[in-house]
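Undergrad: Pasting in a structure now, in structure tokens, and then I'll have a few things to ask.
The values are calculated or read from the model by the stated rules, or taken from the named source; none is laboratory data. The structure presented is a predicted model; accordingly, all values stated were derived computationally and were not measured. Here the Cβ positions follow ideal geometry from the backbone for every residue, glycine too, while neighbour counts run over all protein chains shown. Heads up: the accessible areas ignore ligands, DNA and RNA and are worked out on the full protein's heavy atoms, side chains in. Shrake-Rupley method; radii C 1.70, N 1.55, O 1.52, S 1.80 Å.
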Amino acid sequence: MNNVVKMGLVSVLAFGSVMACGTGTGTGQAPASPPAAGSAPTAGSAPAADGTHDQGGVHRIGAGSVTRVMTQDLPDVPGKEGMIEIVDFAPGEASQVHRHNCDLFVYVLEGSVVTQLKGGNPQTINTGGAYYESPTDIHLVSRNASATQPAKLAVFYVKAKGTPPTEILPEGTK
């Protein structure tokens, strides 16, 4: 499956969640938190002057190289925006404990990742697999399952407009 088809699939999956989430009122979405140290995107990934979309920019959040593909206001869902990022994990690389103040859909483009949410068991997701995180989930484990091969993820966020997508939690958070 080529990358254009993969990104289209991620977009279609996320569109269904946007419609299911409605306007965001009464969804239990946590309030936005300020960005954690080191989580601000680098130059080139800030929203456009009109706030409708952006492209480019590679930055790091915890671990993994993150490339912002785009951010787009969702006119049918006031106050919400969709955002797509590509996350590259080097062999054996893992992120810090974190959470997202939004709905999050992840599609594994290459390799395998191990993921574990608070209260759940570790799961290995292989190329072509997908998973979801809610605004209340704490992501305890997110790592490349291989010590020799890289892993690549397409991540689609449905979030409150202008809020940071990821919050790194203090060490020891379980």
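Undergrad: Can you run down the residue pairs with Cβ atoms below 8 Å, 6 or more apart or on separate chains, where the first is in region 64-80 and closer than 14 Å to residue 102 by Cβ and hydroxyl-bearing (Ser, Thr, Tyr) and the partner is open to solvent by 40 Å² or more (accessible area, probe 1.4 Å) and in a loop (DSSP other than H, G, I, E, B)?
TA: Taking only residues 6 or more apart or on different chains, the pairs are 71/47; 71/53.
Undergrad: I need the strands (runs of 3 or more DSSP E) fully contained in region 56-138, keeping only those with at least 3 residues that are in contact with an Asp or Glu (Cβ under 8 Å, 6 or more places away or on another chain) and open to solvent by less than 30 Å² (accessible area, probe 1.4 Å).
TA: Hits in region 56-138: 65-73, 102-110.
Undergrad: Identify the residue in region 143-154 that is outside any loop (DSSP other than H, G, I, E, B) and open to solvent by 10 Å² or more (accessible area, probe 1.4 Å) and, among all such residues, is farthest from residue 116 (Cα to Cα).
TA: By that ranking, first place goes to 152.
Undergrad: I'd like the full set of residues that are part of a strand (DSSP E or B) and not basic (Lys, Arg), limited to region 155-174.
TA: Keep residues of region 155-174 that are part of a strand (DSSP E or B), which gives 155-160, 167-168.
Within region 155-174, 155, 156, 157, 158, 160, 167, 168 meet the criteria.
Okay, residues lined up against (1) of a type in the set (Val, Ile, Thr); (2) in contact (Cβ under 8 Å) with a residue 60 or more places away in the chain:
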residue	(1), (2)
84	yes, yes
88	no, yes
110	no, no
121	no, no
150	no, yes
158	yes, yes
168	yes, yes
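Undergrad: I'd like to check something: does region 116-132 contain any residue that is touching a helix residue (DSSP H, G or I) at 6+ places or on another chain (Cβ under 6 Å) and of a type in the set (Phe, Trp, Tyr)? Show your work before the answer.
TA: So the first thing to find is which residues in region 116-132 are touching a helix residue (DSSP H, G or I) at 6+ places or on another chain (Cβ under 6 Å), and the list is none.
Checked region 116-132: no residue is touching a helix residue (DSSP H, G or I) at 6+ places or on another chain (Cβ under 6 Å) and of a type in the set (Phe, Trp, Tyr).
Undergrad: With the checklist (1) at pLDDT 95 or above; (2) of a type outside the set (A, V, I, L, M, F, W, C); (3) touching a strand residue (DSSP E or B) at 6+ places or on another chain (Cβ under 8 Å) in hand, flag the one item residue 121 doesn't pass.
TA: (3)
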